[in-house]
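Novice: Mind having a look at this structure? Questions to follow.
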Amino acid sequence: MIARLTGTTAALGPNWVVLDVAGVGFQLACTPSTVASLRPGERTALSTTLIVREDALTLYGFATDTERDTFELLQLASGVGPKLALAALSVLSPAQVVQAIQSGSIGTLIKVPGIGRKGAEKMIIELRDRVAALGVQPDETVDTEPQPPVERWREQVSTGLQGLGWSAKDAELAVENVADLVTADPQISLGRLMKAALQSLARA
């Protein structure tokens with residue numbers, strides 16, 4: 001893995017930079033804020049991560065190790081790839097990402113192009129226990145609006161199913177399967193939802 005590159009900034013674009021390292025030009029995908037911090041002809045060092053795909057090898061560059069580590073962590077959430085993770089860091093700082101996930105701020109996460117309400121809910125559920133490993137202090141200025149009860153039950157059912165050994169993907173599928181029950185009866189008990197969720201997984 002290429003974790004860091006030090007060289008001269010040879011060229012810049014809206015979301016990329018070419019770094020000349022000992023005569024070899026490496027093109028890195030970057031956030032606009034990282035690009036803005038660079039100047040052509042100046043020597044710089046960027047934290048990097050290499051994404052390997054069947055049809056491409058793509059280098060991503062970041063101003064700090066924390067940005068790179070947040071980029072990699074975001075991709076642990078189902079449905080989040082490199083492009084979406086980079087988009088998140090183009091809109092939010094690592095501290096804002098941590099605060100939004102820890103506080104369950106869906107409103108903050110859906111500001112990122114490509115992240116909808118369901119995607120934000122999955123990120124919160126799947127990454128809440130992981131973001132502490134980044135060692136980033138949350139940004140207390142992030143809006144942490146209270147969430148309606150429907151989001152609370154989603155988290156409780158998903159967490160409960162994963163505690164019983166089901167995967168995060170299966171748990172989220174079961175949550176969607178019982179969503180109509182909450183719509184029909186907003187006061188339905190968590191126990192009934194768990195039972196219905198387990199029954200839906202047994203039939204799958």
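No lab work stands behind these numbers, since they all come straight from the coordinates. These numbers were taken from a predicted model, which means no experiment stands behind them. Neighbour counts are summed over all protein chains in view; Cβ atoms, including those assigned to glycine, are modelled from backbone coordinates with ideal geometry.
Novice: How do 156-166, 178-188 rank on mean C-beta neighbours within 10 Å, highest first? Mind showing how you got there, number by number?
Specialist: On the way: 156-166: 16.3, 178-188: 12.7.
Put in order of decreasing packing, that is 156-166, 178-188.
Novice: While we're here: Below 25 Å, Cα to Cα, which lysines can Lys83 reach? Residues fewer than 8 away in the same chain don't count.
Specialist: In chain and number order, the partners are Lys111, Lys118, Lys122, Lys169.
Novice: As I understand it, the dipole of the chain uses +1 on the Cβ of Lys and Arg and -1 on the Cβ of Asp and Glu, about the Cα centre. Which of Leu127, Gly163, Leu73 lies farthest toward its positive end?
Specialist: Selected residue: Gly163.
Novice: Can you give the Rg and Dmax of the chain based on its C-alpha atoms, in angstrom?
Specialist: 20.1, 66
Novice: Tell me what the chain gives for mean residue ellipticity at 222 nm when only DSSP H runs of n ≥ 4 count, each as -39,500 (n - 2.57), the sum divided by the residue total, rounded to 500 deg cm²/dmol. List each step's numbers first, then the result.
Specialist: Working: 9 runs with 96 residues, N = 204.
Here the helix-only value at 222 nm equals -14000 deg cm²/dmol.
Novice: Taking 0.36 nm per residue of sequence separation and subtracting the Cα-Cα distance, how much length would be gained by fully extending the chain between Arg203 and Ala3, in nm to one decimal?
Specialist: Numbers: separation 200, 0.36 × 200 = 72.00 nm, distance 4.52 nm.
Difference between extended and current length: 67.5 nm.
Novice: If R0 is 22 Å, what FRET efficiency do you get for Leu190 and Ser167 from their C-beta distance, rounded to 0.05?
Specialist: On the way: r = 20 Å, r/R0 = 0.93.
Working from the Cβ atoms, E equals 0.60.
Novice: Relative contact order for the chain using alpha-carbon pairs under 8 Å, separation at least 6, rounded to a whole percent? Before the final figure, lay out the partial values.
Specialist: Details: 296 pairs, mean separation 26.6, N = 204.
Relative contact order for the chain comes out at 13 percent.
Novice: A further question on this structure: If packing is taken as the mean number of other Cβ atoms within 10 Å per residue, what is the order of 36-43, 102-109, 127-134, highest first? Provide the component values of the computation, followed by the final result.
Specialist: Working: 36-43: 11.2, 102-109: 20.0, 127-134: 14.8.
Those peptides, ordered most packed to least, come out 102-109, 127-134, 36-43.
Novice: Quick one: dipole size for the chain, taken about the Cα centre, charges +1 on Lys/Arg Cβ and -1 on Asp/Glu Cβ, in debye to the nearest 20. Intermediate results must be reported in sequence, preceding the final value.
Specialist: Numbers: 18 positive and 22 negative charges, 47 e Å.
Dipole about the Cα centre, nearest 20: 220 debye.
Novice: Which whole-number percent gives the relative contact order of segment 4-62, counting Cα pairs below 8 Å spaced six or more residues apart? Could you put the intermediate results ahead of the total?
Specialist: Details: 120 pairs, mean separation 20.5, N = 59.
RCO, segment 4-62: 35 percent.
Novice: Is segment 65-134 rounded, prolate or oblate when judged by the Cα gyration tensor, a ≥ b ≥ c being the square roots of its eigenvalues, rounded requiring a/c under 1.5 and prolate requiring a/b larger than b/c? Let's see the in-between values first.
Specialist: On the way: a/c = 1.30, a/b = 1.11, b/c = 1.17.
Rounded, because the longest to shortest axis ratio a/c is under 1.5.
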